[in-house]
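Peer 1: Mind looking over this structure? Questions follow.
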Amino acid sequence: MTSTLAGGRAARRQTMRRIRPRRSPATILLVAVWAGAAGVLWLWWANTPSISDNNGKILNAGRITGLLAGYLMALVVLQMARVPALERRVGSDRVARWHAMSGRYTLCLTLAHVFLIMWGYALQAGLGLGDIVQQTITSINELPDMGKAAIGTGLLFLIGLMSIGGVRRRMPYDTWYHVHLLTYAAVFLTFWHQLTTGNDFAVEPVAKTVWYGLYGTVTALVVWYRILTPIRLNWRHRLHVEAVIEETPGIVSVLIGGRKLHRMGAEAGQFFRWRFLAPGMRFSSHPYSLSAAPRPDMLRITVKAIGDHSERLRELTPGTRVWAEGPYGALTASRRSRGKVLLVAGGVGITPMRALFETLPGASGDITLLYRANSTQDLALWDELAAIANERGARLMYAVNSPDGERPDISADRLRQKLPDIDKHDVFLCGPPGFAQSVYEALRGAGVPARRIHHESFEM
């Protein structure tokens, strides 16, 4: 049994829209970030007299790393705030990569700051490098807000340790996710000592005001978009499970009903973070893409059972309340810049591709979907895809393993053979990381410019 769900009149209207590509603000944002870092370095330079000895060099190196760590901490939290301009224009996966990179730099700068400052303090007290631990304990006991800063630094170290690839892969997603939320507590605890013990803020009241403004703005964004906006969304739309339908062995669709769902602002290709208020699932929140164009009365997700949470979706009963956050993601029609489009899906990556296959603007022959799966039995939603292709005059292809297990050829030459004008296409790509990387390289080899390969990974 399948859960055929057409997008209705709203999806057909979207199909007829003109192509209006929307530029990503990523470059502008990165320039602003670097400008802020330059401002932090100028603050240190303006408040630093001549440095005449090694102790001064060590302390000032500690000041620089501390200021930059404090600045990056604010950015780390900002990247967790789910700000629509970032999530929907830059892309959730790209923001997640920024967040991970900023977190690594923040942790390294914080550890360097602690080491250098404590070393400098030890030298001032007539102690040596081997007395850093003793000096650290003394500073925590004697300096204002240093106890809170020590706890916050410990939390940052714990979060960084648990975010290492090998460690994270061995950890349940929910455990990692909830530990990661301790970042808020870590930043709060380390914030205060920056103002009470930081020389730059003690001598520059304007700098202190700016610092309060930076952290205050980030805090307001977190409260608004992580707390108040989801409360408003769920109170207004009253989401609940309508039905759970098995599409193929191991893959289920969940139909989600509610009120005035077209006013949620969701687009084909986007995803929500879903929390199902059923026993054993209330404290789990996972990202799943919409697998059909949003309707005023219905949303649908299609999920492959690959973990505890996804396996339990088949046990949901009609009427179960749903808590959603979103919509997120930039893998939408607004990324398109050319008349012809190739959609490439691997495995359960078909979910956003199916929604785009139905709704992307295009005349007959403009849209092509390539679906990669291990076998024909794993081609979820195939009947729907075939019906959409027939209705729209679109092209539908699949690539599955041969009976002896040999993988299909998805190389640059093969792609050019199937689509001779592939270099004139926009390409939307979604699938497991290894698959996505290999297809990306094949597309580049086939002549598709990187700016016209649109992909998003939801491993966050």
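The values are calculated or read from the model by the stated rules, or taken from the named source; none is laboratory data. All figures in this text were calculated on a predicted structure; none of them were measured in a lab. Don't worry about glycine lacking a Cβ; one is built from the backbone with ideal geometry, like all the others, and counts go over all protein chains shown. When the accessible area is computed, the model is the full protein with side chains, heavy atoms only, and any ligands, DNA or RNA have been set aside. Shrake-Rupley method; radii C 1.70, N 1.55, O 1.52, S 1.80 Å.
Peer 1: When you look at Ala202, is it in a helix (DSSP H, G or I) and buried (at least 16 other Cβ atoms within 10 Å of the Cβ), yes or no?
Peer 2: Judged against the criteria, Ala202 is not a match.
Peer 1: Continuing with this model, one more query. For segment 222-249, how many residues meet the condition of being open to solvent by 50 Å² or more (accessible area, probe 1.4 Å), in a helix (DSSP H, G or I) and either over 30 Å from Gly152 (Cβ atoms) or touching a helix residue (DSSP H, G or I) at 6+ places or on another chain (Cβ under 7 Å) (or both)?
Peer 2: Residues in segment 222-249 being open to solvent by 50 Å² or more (accessible area, probe 1.4 Å), in a helix (DSSP H, G or I) and either over 30 Å from Gly152 (Cβ atoms) or touching a helix residue (DSSP H, G or I) at 6+ places or on another chain (Cβ under 7 Å) (or both): 3 in total.
Peer 1: Here is a follow-up. Within segment 404-420, can you find the residues that are in a loop (DSSP other than H, G, I, E, B) and either aliphatic (A, V, I, L, M) or over 14 Å from Glu441 (Cβ atoms) (or both)?
Peer 2: Asp404, Gly405, Glu406, Arg407, Pro408, Ile410, Leu419, Pro420
Peer 1: Follow-up. Scanning for something more than 16 Å from Pro327 (Cβ to Cβ) and among the charged types (D, E, K, R), does segment 221-234 turn up at least one residue?
Peer 2: no
Peer 1: Still on this structure, please answer the following. Quick one: what pairs do we get from segment 62-82, first residue at positive phi, second of a type in the set (D, E, K, R) and open to solvent by 10 Å² or more (accessible area, probe 1.4 Å), C-beta under 9 Å, 6+ apart or different chains?
Peer 2: Taking only residues 6 or more apart or on different chains, the pairs are Arg82/Arg226; Arg82/Glu325.
Peer 1: Just to verify a result, which residue in segment 228-249, among those that are hydrophobic (A, V, I, L, M, F, W, C) and touching a Ser or Thr at 6+ places or on another chain (Cβ under 8 Å), is farthest from Ala81 (Cα to Cα)?
Peer 2: Of everything passing the filter in segment 228-249, Ile245 is farthest from Ala81 (Cα to Cα).
Peer 1: Take the residues in segment 117-130 that are touching a residue at least 40 places away in the same chain (Cβ under 8 Å) and more than 41 Å from the chain's Cα centre (by Cα); name whichever of them is nearest to Ser163 (Cα to Cα).
Peer 2: Applying the filter and picking the extreme gives Leu123.
Peer 1: Considering segment 296-310 alone, what residues qualify as being open to solvent by 60 Å² or more (accessible area, probe 1.4 Å) and among the charged types (D, E, K, R)?
Peer 2: Asp297, Lys304, Asp308, listed by residue number.
Peer 1: Filter segment 256-280 down to the residues that are farther than 20 Å from Thr175 by Cα and in a loop (DSSP other than H, G, I, E, B) and list them by number.
Peer 2: Once the filter is applied, which keeps residues that are farther than 20 Å from Thr175 by Cα and in a loop (DSSP other than H, G, I, E, B), segment 256-280 yields Gly258, Arg259, Lys260, Gly265, Ala266, Glu267, Ala268, Gly269, Gln270.
Peer 1: Grab the helices (runs of 4 or more DSSP H) fully contained in segment 91-175, keeping just those with 3 or more residues being open to solvent by less than 60 Å² (accessible area, probe 1.4 Å) and more than 30 Å from His454 (Cα to Cα).
Peer 2: Answer list for segment 91-175: 92-124, 132-142, 146-162.
Peer 1: I'm checking my understanding of the structure. Among residues of segment 36-65 that are under 24 Å from Leu78 (Cα atoms) and open to solvent by 60 Å² or more (accessible area, probe 1.4 Å), which one is farthest from the chain's Cα centre (by Cα)?
Peer 2: Taking the candidates together, the pick is Trp42.
Peer 1: Looking at Ala330, Ala355, can you tell me which residue is within 30 Å of Ala81 (Cα to Cα), open to solvent by less than 10 Å² (accessible area, probe 1.4 Å) and touching a Lys or Arg at 6+ places or on another chain (Cβ under 7 Å)?
Peer 2: After ruling out the rest, the residue left standing is Ala330.
Peer 1: Scan segment 434-444 and give yes if some residue there is of a type outside the set (Lys, Arg) and not in a helix (DSSP H, G or I), otherwise no.
Peer 2: Looking through segment 434-444, none of the residues is of a type outside the set (Lys, Arg) and not in a helix (DSSP H, G or I).
Peer 1: Further, regarding this structure: What are the residue pairs meeting all of these: first residue in segment 22-49, first residue part of a helix (DSSP H, G or I), second residue hydroxyl-bearing (Ser, Thr, Tyr), Cβ atoms under 8 Å, and 6 or more apart or on different chains?
Peer 2: These pairs meet every condition: Gly36/Tyr71; Ala37/Tyr71; Val40/Tyr71.
Peer 1: On to the next question. Any chance you could count how many residues in segment 197-236 are over 24 Å from the mean Cα position of the chain (by Cα) and under 30 Å from Arg314 (Cβ atoms)?
Peer 2: 2
Peer 1: Can you run down the residue pairs with Cβ atoms below 6 Å, 6 or more apart or on separate chains, where the first is in segment 433-458 and closer than 16 Å to Pro420 by Cα and open to solvent by less than 50 Å² (accessible area, probe 1.4 Å) and the partner is assigned to a helix (DSSP H, G or I) and of a type in the set (Asp, Glu)?
Peer 2: These pairs meet every condition: Gly447/Asp423; Val448/Asp423.
Peer 1: Could you tell me which of the residues Val77, Val133, Val114 is aliphatic (A, V, I, L, M) and under 26 Å from the mean Cα position of the chain (by Cα)?
Peer 2: Val77
Peer 1: Looking at Thr351, Thr359, Thr368, which one is closer than 27 Å to Ala436 by Cβ, of a type in the set (Ser, Thr, Tyr) and modelled with pLDDT of 95 or more?
Peer 2: Only one candidate passes the filter, namely Thr368.
Peer 1: With the condition kept exactly as written, say whether any residue in segment 381-394 is of a type in the set (Asp, Glu), open to solvent by 40 Å² or more (accessible area, probe 1.4 Å) and either closer than 19 Å to Glu247 by Cα or modelled with pLDDT under 90 (or both).
Peer 2: Yes, segment 381-394 has at least one match.
Peer 1: Could you list, in sequence order, all residues of segment 311-327 that are within 21 Å of the chain's Cα centre (by Cα), buried (at least 18 other Cβ atoms within 10 Å of the Cβ) and not aliphatic (A, V, I, L, M)?
Peer 2: Across segment 311-327, the qualifying residues are Glu325, Gly326, Pro327.
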